[in-house]
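Visitor: Sending over a structure as structure tokens; questions will come in a sec.
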Amino acid sequence: MEPYIVRQSILDEKQTAIGYEILYADDTPALDQSDDSSAANAIENFLSSMDSEKFLDGKTAFLTFTRNLLVKNIPRMFDTNKLVIQIEDSLITNPLAHSLFTKYKQAGYKIAVIDFEFAPRYFGVLDIVDYIKVNFKDYRNSSLENVVRIGNSFGKKIIAYNIDCAEAYEKAKNCGCSSFQGSYVAEKMPTTLRNMKYLQGNFFLLMIAVTKDEPDIDEIEGILSRDVSLTYSLLKLVNSAYFALRNRAKSVKQALVILGLGQLKQWIYLLSFKQDDGSMPDELIKLSFLRARFASELFENCHDMPISKSEAYLMGMFSTLGKLMQMPLDSVLEQLPLSDEVKNGLLKREGKAGQLFDVIISYERADWRRMSDLASELDIPLEIISETYCECVENVNQTWNSLTTAYNSEE
């Protein structure tokens, strides 16, 4: 059976992804990795069947290897410049494991040590280590500063992980960490951003689509639905006092029908003059798109949901709006014609909509046990979740690359 697998962004201070950590768990009732051979077989089978290049979108993979995975030569499935081999504390003093690290290092792979401590048992591997990963879950721990300072003095790149709040991020940044990983940085916006900025590739394609002799409403709907900023702006416009609708538009298609092609063109032209020099981190835009796709695909397997598939899509997409607009999410959602089920699902994780959103968040955070429990309550087959996630990741990567390529070709 396939394992659960998720990628988590590792970002530098500019919110640029330097790579993705791949987290996985074997698909067993216990959802743990206590059986080393089972974990090795699971990840081997998965990597054999996936297109890692599409899944990683050309970025470097950070993957933790057990001794069995190293013995089985699983790292050889990756190019040397596309993989960082992560090792945990339990393998540091294992003589066989140390010789394996050295072999892979000599072959050109980079090595990362998780929760490195400057103790005698670590010094034997220090010369082959490129990255040190420091756990900032307990960011108040005074020893973290010393670990980071000493690591930097040895010329190692320091990655702070479990950055799940602003305080942890500030502590890691002030300590001198070069990269960051966690739920907070995954959705963090630069403090200089003041206005929402539309994904340029989408905007460019939208301009082309609306100026065709015979515009295709389905094509226009598809372009708009790929961009959280454009979708939000369209729904807000159509539901404004100007249109004075008796029943508020709740989907992109409804909004397009109400607006009409003539006013849609005027709206697009207006937006073209409102673009500013702000920037959104690529990973945050892709995250909103990925959540939207993942939610709508998982929705197909749910029963008796109080929301529609399109609402599930918007729920995933709008989950990042608070970060995008630097406002409390509840304040942003007040301006949108979303159902109470969607709003309560996003804000309070209530009802079946909230459970569906919680499945997505739990999966992102590799909280396999909670994800499994929630999916079972919604009747989502566990065996399809990982495959669905990977397909959504590849689809988002492909769409993103086509959009940015289209835009750049016109520069």
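The values are calculated or read from the model by the stated rules, or taken from the named source; none is laboratory data. Owing to the predicted nature of the structure, the values given are computational and were not obtained by experimental measurement. Every residue, glycine as well, gets a Cβ built from its backbone with ideal geometry; the counts of neighbours run over all protein chains shown.
Visitor: Out of all the residues in the stretch 288-307, which are closer than 17 Å to Ser183 by Cα and either of a type in the set (Ser, Thr, Tyr) or without any contact (Cβ under 8 Å) to a residue 24 or more places away in the chain (or both)? Let's see the steps before the verdict.
Guide: Of all residues in the stretch 288-307, those closer than 17 Å to Ser183 by Cα come to 288-291.
Passing the criteria: only Ser288.
Visitor: State whether the residues of the stretch 94-111 include one that is more than 30 Å from Val71 (Cβ to Cβ) and surrounded by fewer than 16 Cβ atoms within 10 Å (Cβ to Cβ). Quick ask: steps written out before the conclusion?
Guide: Restricting attention to the stretch 94-111, the residues satisfying the condition of being more than 30 Å from Val71 (Cβ to Cβ) are none.
No: zero hits.
Visitor: Could I ask something else about it? With the condition kept exactly as written, say whether any residue in the stretch 87-109 is closer than 27 Å to Lys286 by Cα and not in a helix (DSSP H, G or I).
Guide: Scanning the stretch 87-109 turns up no residue that is closer than 27 Å to Lys286 by Cα and not in a helix (DSSP H, G or I).
Visitor: While we're on this one: For the stretch 40-90, give me the residue count where each residue is small (Gly, Ala, Ser), at pLDDT below 75 and touching a strand residue (DSSP E or B) at 6+ places or on another chain (Cβ under 8 Å).
Guide: So the answer is 2.
Visitor: Out of all the residues in the stretch 147-154, is one or more over 17 Å from Gln86 (Cβ atoms) and buried (at least 20 other Cβ atoms within 10 Å of the Cβ)?
Guide: Yes, the stretch 147-154 contains a residue that is over 17 Å from Gln86 (Cβ atoms) and buried (at least 20 other Cβ atoms within 10 Å of the Cβ).
Visitor: Limited to the stretch 64-86, what total is found for residues that are among the charged types (D, E, K, R) and part of a loop (DSSP other than H, G, I, E, B)? Explain how you work it out, then say what you get.
Guide: First pass over the stretch 64-86, keeping only residues among the charged types (D, E, K, R): 67, 72, 76, 79, 82.
Filter once more, keeping what is part of a loop (DSSP other than H, G, I, E, B): 72, 79.
Residues flagged as among the charged types (D, E, K, R) and part of a loop (DSSP other than H, G, I, E, B) within the stretch 64-86 amount to 2.
Visitor: Which of the numbered conditions does Cys392 fail, given that it passes all the others? Conditions: (1) out of contact with any Asp or Glu (no Cβ under 7 Å at 6 or more places or on another chain); (2) touching a residue at least 24 places away in the same chain (Cβ under 8 Å).
Guide: So Cys392 meets the others, but not (1).
Visitor: Being assigned to a loop (DSSP other than H, G, I, E, B), within 22 Å of Ser240 (Cα to Cα) and without any contact (Cβ under 8 Å) to a residue 60 or more places away in the chain is the filter here; which residues of the stretch 326-349 pass it?
Guide: Selection gives Met327, Pro328, Glu334.
Visitor: Being farther than 15 Å from Ala353 by Cα and outside any helix (DSSP H, G or I) is the filter here, so list the residues in the stretch 365-386 that pass it.
Guide: Hits for the stretch 365-386 are Arg365, Ala366, Asp367, Pro381.
Visitor: Select from the stretch 63-76 the residues that are of a type in the set (A, V, I, L, M) and surrounded by fewer than 17 Cβ atoms within 10 Å (Cβ to Cβ) and list them in ascending order. Reasoning before the result, please.
Guide: Here is the first cut: in the stretch 63-76, the residues of a type in the set (A, V, I, L, M) are 63, 69-71, 74.
Passing the criteria: only Val71.
Visitor: How many residues does the stretch 117-147 hold that are over 26 Å from the mean Cα position of the chain (by Cα) and either of a type outside the set (Lys, Arg) or farther than 30 Å from Ser183 by Cα (or both)? Step through it out loud before you land on a result.
Guide: In the first step, residues of the stretch 117-147 are kept if they are over 26 Å from the mean Cα position of the chain (by Cα); the result is 117-129, 140-147.
Checking which are either of a type outside the set (Lys, Arg) or farther than 30 Å from Ser183 by Cα (or both) leaves us with 117-129, 141-147.
Adding up the residues that qualify gives 20.
Visitor: Residues Phe318, Phe299: which one is out of contact with any Pro (no Cβ under 6 Å at 6 or more places or on another chain), at pLDDT below 95, outside the structural domain of Leu237 (by TED's automatic domain parsing) and of a type outside the set (Lys, Arg)?
Guide: Phe318
Visitor: Among the candidates Ser362, Ser310, single out the residue that is among the small types (Gly, Ala, Ser) and touching a residue at least 40 places away in the same chain (Cβ under 8 Å). Spell out how you get there, then give the answer.
Guide: On the way: Ser362 fails: touching a residue at least 40 places away in the same chain (Cβ under 8 Å).
Just a single option satisfies the conditions, and that option is Ser310.
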